[in-house]
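Following: one structure in structure tokens, then a few remarks.
The values are calculated or read from the model by the stated rules, or taken from the named source; none is laboratory data. No experiment lies behind these values; they were computed from the predicted model shown. Quick reminder, even Gly has a Cβ in these numbers, built from the backbone with ideal geometry, and neighbours come from all protein chains shown. Quick note on the areas: whole protein, heavy atoms, side chains included, nothing else; ligands and nucleic acids left out. Shrake-Rupley method; radii C 1.70, N 1.55, O 1.52, S 1.80 Å.
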Amino acid sequence: MADITDRAPRSQDARDALDVSDVSRERKAADASDVSDGRKAADAPGASHGRKAPDAPAPAWHPARADRRRDGGRALRVRVSAVVVAAVVLAVLLVPMLVPLDRQAVDLALKLRPPSAEHLFGTDEVGRDLLLRCVYGLRVSLLVGVVAAVAATVLGTAVGALAGALGGWADRAVMRVVDLFSSVPHLLLGIFIVAMFRPGVWPVVVSVALTHWLSTARIVRAEVLSLRARPYVDAAISGGASRWRVAVRHLLPGVLPQAGLAAVLMVPHAIWHESALSFLGLGLPAHEASLGNMVNSARSSLLAGDWWPTLFPGLFIIVPTLAVAGLAGAWRERLNPRRRSELML
């Protein structure tokens, strides 16, 4: 009986041990299946190890397509600028011959009429047609801008070429004079120059020319110093060429494109300068058609709610200058392709 009673608990223990071993084997089998499933998922194509796979592939960036889009926008800007400049030139040349402007014509019955089919830009405070006066004012602004830009470019080119060609103490002395003039604001110096003469177009031209040649002188001097380091200039000097011959035959042709670009870029600045002086009452006489005078005389109308006497002369100042600046920017990119490639980076 004792053996029977001893075997009973032993058999119970054996059954418990068997159950435990079965459970452990089932757990190991489950773990093994999980590991194998994970390896299969990791080995599957498109799976990422330790990272979540992206939902959709990122769009590829095509440099050629981006360059074509950029070139297309630049070409469109140049075309629009060219059309605006051509329209402005035709207007200032043809309108005065077709429709003469009577400076003394006053019609108070048409005072401050809004834009209409009869007067596209409306009328001013004494009944004059704003479109016709804007065209005549733009004519004066372009005359001042072009003549002053050419005069300032000639003066700046001469000073910059002289400083760069001579070098040494002469270069330092000339550039210190340029720095001295640059320390005075352009508008303040222009007011001082215009105040010495009677109001008119030519005092404004002189004022703009004498205050805008400084940047051209710096550009031309830097270009001359760069050209002096070229091998063909050294060869010409070693061959016995005089300084005058080197400057005329080698240095001057090299700086002409930069000087021409500076002249074109100076036209918008000259137009703004003339408009500012006329707005301050220091440019053309009050009865002359000038964009600055028109904006100045329309200030009281603007406070009364009449917007057109101020808007259209302001647009005639802004739009042509932006068009000229757009064409000058395209010319600058053609002269310096390296700078264009740097701006694209």
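Regarding residue 98, is this residue within 30 Å of residue 326 (Cβ to Cβ) and without any contact (Cβ under 8 Å) to a residue 40 or more places away in the chain? It would help to see each step written out before you state the result.
On the way: within 30 Å of residue 326 (Cβ to Cβ): yes; without any contact (Cβ under 8 Å) to a residue 40 or more places away in the chain: yes.
So residue 98 passes the test.
Starting from the range 303-331, keep only residues that are within 12 Å of residue 121 (Cβ to Cβ), then list their pairs with residues that are of a type in the set (D, E, K, R) and surrounded by fewer than 19 Cβ atoms within 10 Å (Cβ to Cβ) whose Cβ atoms are within a distance under 8 Å, requiring at least 6 positions of separation or different chains.
Sorted first by the residue in the range 303-331, then by its partner, the pairs are 309/125; 310/299.
Results for (1) modelled with pLDDT of 90 or more; (2) open to solvent by less than 30 Å² (accessible area, probe 1.4 Å), shown as yes or no for each residue.
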{"site": "154", "(1), (2)": "yes, no"}
{"site": "171", "(1), (2)": "no, yes"}
{"site": "181", "(1), (2)": "no, no"}
{"site": "192", "(1), (2)": "no, no"}
{"site": "205", "(1), (2)": "yes, yes"}
{"site": "215", "(1), (2)": "no, no"}
{"site": "228", "(1), (2)": "no, no"}
{"site": "231", "(1), (2)": "no, no"}
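Out of all the residues in the range 138-181, which are among the β-branched types (Val, Ile, Thr) and within 26 Å of the chain's Cα centre (by Cα)?
Listed by number, the residues that qualify are 140, 144, 146, 147, 150, 153, 154, 157, 178.
Pick out the one residue from 154, 140 that is out of contact with any helix residue (DSSP H, G or I) (no Cβ under 6 Å at 6 or more places or on another chain) and under 24 Å from residue 91 (Cα atoms).
140
Given the condition more than 26 Å from the chain's Cα centre (by Cα), open to solvent by less than 20 Å² (accessible area, probe 1.4 Å) and basic (Lys, Arg), answer yes or no: does some residue in the range 122-130 qualify? So that I can check it myself, show each step before the final result.
Here is the first cut: in the range 122-130, the ones more than 26 Å from the chain's Cα centre (by Cα) are 122-130.
Okay, now just the ones that are also open to solvent by less than 20 Å² (accessible area, probe 1.4 Å), so 122-124, 127, 130.
Now narrow it down to the ones that are basic (Lys, Arg): none.
Within the range 122-130 (the criterion being more than 26 Å from the chain's Cα centre (by Cα), open to solvent by less than 20 Å² (accessible area, probe 1.4 Å) and basic (Lys, Arg)), the answer is no, since none of the residues qualifies.
Give the number of residues within the range 203-225 that are closer than 30 Å to residue 249 by Cα and not in a loop (DSSP other than H, G, I, E, B).
15
May I ask you to list the residues in the range 81-104 that are open to solvent by 90 Å² or more (accessible area, probe 1.4 Å) and within 27 Å of residue 264 (Cα to Cα)?
Correct list: 83, 90, 93, 97.
So, in the range 255-299, exactly how many residues are of a type in the set (Gly, Ala, Ser), buried (at least 19 other Cβ atoms within 10 Å of the Cβ) and in a helix (DSSP H, G or I)?
Count: 7.
Given (1) part of a helix (DSSP H, G or I); (2) surrounded by 18 or more Cβ atoms within 10 Å (Cβ to Cβ), where does residue 244 come up short, assuming only one miss?
(2)
Of all residues in the range 184-202 being without any contact (Cβ under 8 Å) to a residue 40 or more places away in the chain and either β-branched (Val, Ile, Thr) or outside any loop (DSSP other than H, G, I, E, B) (or both), which is farthest from residue 293 (Cα to Cα)?
Result: 184.
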